[in-house]
Amino acid sequence: MNRILTKRQLTPETALFEVEAPRIARRWKPGNFIIIRPTPDSERIPLTIVGGNAERGTITMVVQAIGKTTRITVALNEGDSLADLVGPLGEAASIENVGRVLCIAGGVGVAELLPVARAFGEAGNFVTAMCGARSTAQMILDEELRQAASEVVWATDDGSHGFHGNVVQCMRDWITRNPKPDLCHVIGPIPMMRFSAELTREWGVRTYASLNPIMIDGTGMCGGCRVTVGGKVRFACVEGPEFDAHQVDFDELARRNRAYLAEERQVLESHTCRIGLGA
Ligand code: NAD
Ligand code: FES
């Protein structure tokens with residue numbers, strides 16, 4: 001159950017896994033996510049489904065080693081099994097044929113953007129995938145994106161590839177040479193989603209953001225993933241993770257995601273310390 005068939009290291013911190021999950025592989029849609037526990041005593045973490053192959057009975061997920069659980073996951077290898085895996089969860093991304101779609105991603109969000117960009121392309125749109133990475137070494141899945149989107153634009157913070165600057169500065173530059181898109185989809189770090197949404201509001205372009213609040217059960221019961229959208233409380237795990245970016249309270253999302261920072265740091269430090277001791 002949930003065996004890892006292939007593992008591909010995308011960057012030193014980020015790995016792509018193809019995992020056995022035949023029922024999810026038959027049913028998933030772009031925008032859906034899974035909740036996994038890498039080991040029986042791990043906490044649960046949500047991960048976007050990046051791809052699926054119904055014939056092989058597998059799904060693909062990309063994990064960036066940030067905290068304790070993501071580090072444990074990235075350390076798994078081919079032949080290992082995840083302790084558990086639940087999905088597909090959440091609502092599928094809103095895909096429609098509108099003409100020109102700008103798909104914007106930052107960091108590991110590039111992996112999560114891939115199935116959405118592909119779906120917009122298959123629906124008949126001209127899709128621009130605009131991706132931000134800190135440096136060339138953090139650029140991921142460029143070849144796959146080029147197959148999925150009509151064009152791919154990269155921005156790197158250090159200018160080592162493509163546009164020199166962050167992806168929001170890249171949007172400001174890009175719009176001077178391109179027609180306004182009909183729709184935008186954004187996924188990435190919270191400040192990046194917030195500034196992208198502010199810009200597309202100025203452009204007057206409808207925009208969806210795929211949010212990443214803390215999740216616990218993923219079934220709408222615990223309230224952990226509560227977000228405010230248009231002044232109303234919404235639960236990202238069952239009503240999202242995608243919402244109207246112009247209505248999202250990003251301040252609250254950032255505040256809630258920082259709520260357990262001290263505990264997360266402590267757990268990570270103790271984990272790193274144990275690894276050092278060979279435990
Ligand atoms: P990162 O810090 O490497 O940033 C990636 C890119 O996002 C940057 O290169 C830049 O182009 C852009 N960016 C970042 N901060 C910005 C800002 N203040 N203004 C404008 N653009 C900015 O990203 P990472 O290390 O992949 O992720 C950082 C955090 O974001 C992690 O905690 C991760 O879990 C979270 N994240 C959430 C989602 C999501 O589901 N919405 C997707 C990806 C990452
Ligand atoms: Fe518990 Fe969404 S994760 S309600």
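The values are calculated or read from the model by the stated rules, or taken from the named source; none is laboratory data. In this text the structure is predicted, and so the values were computed from the model without any measurement. Ideal geometry is used to build each Cβ from the backbone, glycine not excepted, and the neighbour counts take in all protein chains shown. Calculation scope for accessible area: heavy atoms of the full protein, side chains included, ligands and nucleic acids excluded. Shrake-Rupley method; radii C 1.70, N 1.55, O 1.52, S 1.80 Å.
Numbers below:
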| item | result |
| --- | --- |
| LYS7 vs. criteria out of contact with any Leu (no Cβ under 8 Å at 6 or more places or on another chain) and basic (Lys, Arg) | no |
| The stretch 137-181, residues that are among the acidic types (Asp, Glu) and over 17 Å from LEU102 (Cβ atoms) | ASP142, GLU143, GLU144, ASP157, ASP158 |
| Unique residue being at pLDDT 95 or above, in a helix (DSSP H, G or I), open to solvent by 40 Å² or more (accessible area, probe 1.4 Å) and closer than 29 Å to ASN2 by Cα when the list is GLU112, GLU91, GLU144 | GLU144 |
| Pair list, Cβ under 7 Å, 6 or more apart: the stretch 56-73 residue under 17 Å from GLY87 (Cα atoms) and hydrophobic (A, V, I, L, M, F, W, C), other residue part of a helix (DSSP H, G or I) and open to solvent by less than 20 Å² (accessible area, probe 1.4 Å) | ILE59/ILE24; ILE59/ALA25; VAL62/ALA111; VAL63/THR73; VAL63/VAL74 |
| Some residue of the stretch 167-176 being among the polar types (S, T, N, Q), within 11 Å of ligand 1 (Cβ to nearest atom) and outside any strand (DSSP E or B) | yes |
| Unique residue being charged (D, E, K, R) and open to solvent by 60 Å² or more (accessible area, probe 1.4 Å) when the list is ARG27, ARG37 | ARG27 |
| Cβ pairs under 9 Å, 6+ apart, first in the stretch 204-233 and among the charged types (D, E, K, R), second modelled with pLDDT under 95 and more than 16 Å from ligand 1 (Cβ to nearest atom) | none |
| Scope the stretch 147-163; condition surrounded by 14 or more Cβ atoms within 10 Å (Cβ to Cβ) and in a helix (DSSP H, G or I); matching residues | ALA148 |
| Filter result (in contact with a helix residue (DSSP H, G or I) (Cβ under 6 Å, 6 or more places away or on another chain) and surrounded by 16 or more Cβ atoms within 10 Å (Cβ to Cβ)) within the stretch 164-187 | VAL168, MET171, CYS184, HIS185, VAL186, ILE187 |
| VAL127 being touching a Ser or Thr at 6+ places or on another chain (Cβ under 7 Å) and open to solvent by 20 Å² or more (accessible area, probe 1.4 Å) | no |
| Matching residues, the stretch 193-209, being within 14 Å of ligand 1 (Cβ to nearest atom) and open to solvent by 20 Å² or more (accessible area, probe 1.4 Å) | ARG194, PHE195, GLU198, TYR208 |
| Any strands (runs of 3 or more DSSP E) falling wholly within the stretch 213-253 and containing at least 3 residues that are away from ligand 1 (no atom under 12 Å from the Cβ), open to solvent by 50 Å² or more (accessible area, probe 1.4 Å) and at pLDDT 95 or above | 232-235 |
| Condition met for ILE190 (open to solvent by 30 Å² or more (accessible area, probe 1.4 Å) and within 13 Å of ligand 1 (Cβ to nearest atom)) | no |
| Residues (in a strand (DSSP E or B), open to solvent by 40 Å² or more (accessible area, probe 1.4 Å) and not acidic (Asp, Glu)) located in the stretch 1-24 | ARG3, LEU5, THR6, LYS7, ARG8, GLN9 |
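Yes/no matrix, rows are residues, columns are (1) within 16 Å of ligand 1 (Cβ to nearest atom); (2) surrounded by fewer than 17 Cβ atoms within 10 Å (Cβ to Cβ); (3) among the β-branched types (Val, Ile, Thr); (4) outside any helix (DSSP H, G or I):
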residue	(1), (2), (3), (4)
GLY52	no, no, no, yes
THR70	yes, no, yes, no
THR73	yes, no, yes, no
LEU85	no, no, no, yes
ALA105	yes, no, no, yes
PHE120	no, no, no, no
